[in-house]
Amino acid sequence: MTASSRERRPHGDRPHGDRPHRRYGHWIDGAWRAPGTGLHYPVVNPATEQVVGEAPEATTADVAAAVTAARAAHDGWSRTGPRERAAVLDRVADLLMEHAKELVPLLQAETGATMRVASAMQVPTAADRFRRYARPEPDVVPLAPLPVKASPLAPGGLIGAAAIRRPVGVVGCITSYNFPIVNLAGKAAPALAMGNTVVAKPAPQDPLGCLELGPILKEAGLPDGVFNVVTGSGASAGEALVSHPDVDMISFTGSTAVGKRIAETAGRTMKRTLMELGGKGAAIVLEDADEKTVNAAIGAVASTWTFHSGQICTAPTRVLVHHTLYEKVVAGLRHYAAALTIGDPVDNSTVVGPLVSAAQRDRVEAYVAGAREQGARVLAGGERPPAKPGFYVAPTLLGDVTPAMTVAQEEIFGPVVVAMPFSDDDEAVRIANGTPYGLYDYVFSADAGRAWALAARLRSGNVGINTAQRHPETPFGGFKDSGVGRDGGSFGLHAYSELQSVVWPS
């Protein structure tokens with residue numbers, strides 16, 4: 001057995017075949033560490049309801065040990081040259097792809113994603129994010145010298161200056177369950193590239209792939225303590241991380257309610273925060289939309305059903321259609337929903353897999369039931385599909401929805417779309433902006449200039465025109481309750497750094 005294979009085996013584990021699943025430890029200071037209480041909790045496959053593995057329950061002391069390791073490692077890592085840091089991240093990307101055959105089945109099993117999503121958008125996208133931040137970028141912005149008059153403060157003269165990005169320090173990364181290692185890579189890669197150290201706390205539903213990142217980063221050459229992972233089934237581990245005085249920044253992806261609690265706690269010690277929170281995306285279909293544009297709109301809205309069963313914050317879960325096209329778009333969506341295959345996510349014919357947990361399935365079903373009570377009409381889905389076992393919800397389309405209804409206001413995070421007609425652009429904008437959220441909206445029009453002008457009226461951090469596709473270099477984040485700050489591309493490096501001004505006499 002090689003040293004690297006010994007290192008990669010989780011605490012307390014035996015080789016595959018000796019037991020049905022693995023029991024993991026925390027990844028702290030470059031090694032597996034048993035939880036302080038010795039307790040673990042089961043991670044369940046959403047499609048089979050069988051245990052995939054056991055994750056460690058973190059105590060406050062476990063979290064503190066991870067933070068202490070990150071703090072001790074910070075001085076050395078922050079003074080490592082940008083090119084040396086980039087080389088490590090580039091090697092991480094290589095290793096992720098080398099271990100894809102091991103990682104993809106694990107990620108598929110713990111998330112319940114269809115194999116198409118798991119294989120195409122979990123490991124490869126995480127590798128892409130590490131590779132992106134393996135490109136060193138200038139961290140010094142030179143400023144033109146300026147003549148400054150003498151004052152009681154100092155003599156006058158020609159004064160030079162520069163603005164320099166410095167690492168924030170120890171960054172706590174609290175990640176979402178829909179794309180666990182992708183979301184963590186999007187935080188850890190720019191944070192590490194800037195010279196920060198990281199303590200990650202993955203979502204409780206599917207933390208195993210995130211734990212597996214620890215040995216991979218070590219094998220890539222990352223010094224011990226620079227990247228740490230602690231897990232827990234409840235809120236206590238995350239709370240301990242947010243409140244720890246040696247954590248300088250919290251990067252969080254998740255619900256708005258949790259984000260507000262994190263912001264309140266982080267504010268007590270003036271921690272920097274980056275918050276990517278909930279969304280209630282509106283897809284606006286204008287009356288000038290031609291056949292091609294209408295079909296593009298239907299395909300984009302249907303991605304709420306087909307892409308990870310609607311468990312994505314950018315999903316266009318509200319389709320706002322000019323009244324002249326409303327019946328056409330609704331009919332297209334109903335036809336689309338009826339053609340989708342629901343079932344075992346490992347089957348290549350499956351398009352709609354399960355939700356991540358029984359609790360999330362029950363939550364989504366409660367939203368649909370509440371919509372019925374408020375007068376909405378179920379146009380597609382609305383009943384639990386016969387697929388068993390698993391936490392399935394049928395692709396659901398709701399009509400006769402008014403903007404004030406709960407399903408039109410709150411993030412559902414499941415395969416549910418609400419359809420609403422509008423009469424003119426002003427009404428469309430009022431409805432689109434009429435929720436607490438502002439993460440990602442969409443405009444579909446045959447006139448790109450008109451769509452561009454309408455985008456300026458939307459209180460949303462991102463607007464797609466005639467597409468649901470993303471651009472990886474754009475600043476990503478939301479208005480209002482959808483978050484604070486921006487990451488993505490070079491903006492990610494800004495997010496995980498502090499600006500320091502250096503001034504000198506020329």
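The values are calculated or read from the model by the stated rules, or taken from the named source; none is laboratory data. From a predicted model like this one, the values you see are computed outputs, not experimental measurements. Note that each Cβ is placed from the backbone with ideal geometry, even for glycine, and that neighbours are counted across all protein chains shown. Just so you know, the surface numbers come from the protein's heavy atoms only, side chains and all, with ligands and any DNA or RNA stripped out. Shrake-Rupley method; radii C 1.70, N 1.55, O 1.52, S 1.80 Å.
In table form, for the structure just shown:
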item	result
Condition broken by Y392, with the remaining ones in (1) open to solvent by less than 20 Å² (accessible area, probe 1.4 Å); (2) under 24 Å from I284 (Cα atoms); (3) within 27 Å of the chain's Cα centre (by Cα) satisfied	(2)
Which listed residue, of S460, S501, is among the polar types (S, T, N, Q) and open to solvent by less than 40 Å² (accessible area, probe 1.4 Å)	S460
Sole residue being at pLDDT below 60, within 27 Å of the chain's Cα centre (by Cα) and either under 26 Å from Q360 (Cα atoms) or of a type outside the set (S, T, N, Q) (or both), chosen from R22, R8, R33, R71	R8
Subset tally (residues that are of a type in the set (A, V, I, L, M), part of a loop (DSSP other than H, G, I, E, B) and without any contact (Cβ under 8 Å) to a residue 40 or more places away in the chain) for the stretch 335-383	1
Within the stretch 360-385, tally of residues that are under 21 Å from F307 (Cβ atoms) and of a type outside the set (D, E)	12
Residue satisfying all of: in the stretch 169-211; in contact with an Asp or Glu (Cβ under 8 Å, 6 or more places away or on another chain) and of a type in the set (D, E, K, R); nearest to T253 (Cα to Cα) among these	K187
Leading residue by the ranking (surrounded by the fewest Cβ atoms within 10 Å (Cβ to Cβ)) among those in the stretch 102-126 that are in contact (Cβ under 8 Å) with a residue 40 or more places away in the chain, among the β-branched types (V, I, T) and out of contact with any Pro (no Cβ under 9 Å at 6 or more places or on another chain)	T125
Neighbours by Cβ (under 7 Å, 6+ apart or cross-chain): first from the stretch 453-478, aromatic (F, W, Y); second open to solvent by less than 90 Å² (accessible area, probe 1.4 Å)	F476/N462; F476/R486; F476/D487; F476/G488
So V247, is it open to solvent by less than 40 Å² (accessible area, probe 1.4 Å), β-branched (V, I, T), farther than 20 Å from L103 by Cα and modelled with pLDDT of 95 or more	yes
Members of the stretch 291-311 that are open to solvent by 20 Å² or more (accessible area, probe 1.4 Å), closer than 20 Å to G461 by Cβ and either modelled with pLDDT under 95 or in contact with a Phe, Trp or Tyr (Cβ under 8 Å, 6 or more places away or on another chain) (or both)	F307
Selection status of V140, out of contact with any Asp or Glu (no Cβ under 8 Å at 6 or more places or on another chain), of a type in the set (V, I, T) and open to solvent by 50 Å² or more (accessible area, probe 1.4 Å)	yes
Of the criteria (1) of a type in the set (G, A, S); (2) in a loop (DSSP other than H, G, I, E, B); (3) closer than 27 Å to V321 by Cα, which one A408 fails	(2)
Strands (runs of 3 or more DSSP E) (entirely within the stretch 199-300) containing at least 3 residues that are over 29 Å from L107 (Cα atoms)	282-285
Looking only at the stretch 148-171, and only at residues there that are within 18 Å of S78 (Cα to Cα) and of a type in the set (A, V, I, L, M, F, W, C), the one that is surrounded by the fewest Cβ atoms within 10 Å (Cβ to Cβ)	A163
Subset of the stretch 262-278 (residues that are within 19 Å of G186 (Cβ to Cβ) and open to solvent by 40 Å² or more (accessible area, probe 1.4 Å))	R272, T273
Verdict on Q409 being open to solvent by 40 Å² or more (accessible area, probe 1.4 Å) and closer than 19 Å to T256 by Cα	yes
Checking P145 against (1) assigned to a loop (DSSP other than H, G, I, E, B); (2) in contact (Cβ under 8 Å) with a residue 40 or more places away in the chain; (3) open to solvent by 30 Å² or more (accessible area, probe 1.4 Å), the condition it does not meet	(1)
Options R129, R85; residue that is touching a Gly at 6+ places or on another chain (Cβ under 9 Å), open to solvent by less than 20 Å² (accessible area, probe 1.4 Å) and not in a loop (DSSP other than H, G, I, E, B)	R85
Test for V417: is it touching a helix residue (DSSP H, G or I) at 6+ places or on another chain (Cβ under 6 Å) and either more than 23 Å from Y326 (Cα to Cα) or not in a loop (DSSP other than H, G, I, E, B) (or both)	yes
Hits in the stretch 214-269 - residues which are under 26 Å from R166 (Cβ atoms) and without any contact (Cβ under 8 Å) to a residue 40 or more places away in the chain	S243, P245, T265, A266, G267, R268, T269
Filter result for A55 (over 28 Å from P354 (Cα atoms) and either at pLDDT 95 or above or surrounded by fewer than 18 Cβ atoms within 10 Å (Cβ to Cβ) (or both))	no
Residues that are open to solvent by 10 Å² or more (accessible area, probe 1.4 Å) and of a type outside the set (K, R), drawn from the stretch 204-221	P204, Q205, E212, E219, A220, G221
Residue identified as within 30 Å of A93 (Cβ to Cβ), among the hydroxyl-bearing types (S, T, Y) and assigned to a loop (DSSP other than H, G, I, E, B) among S176, S151	S176
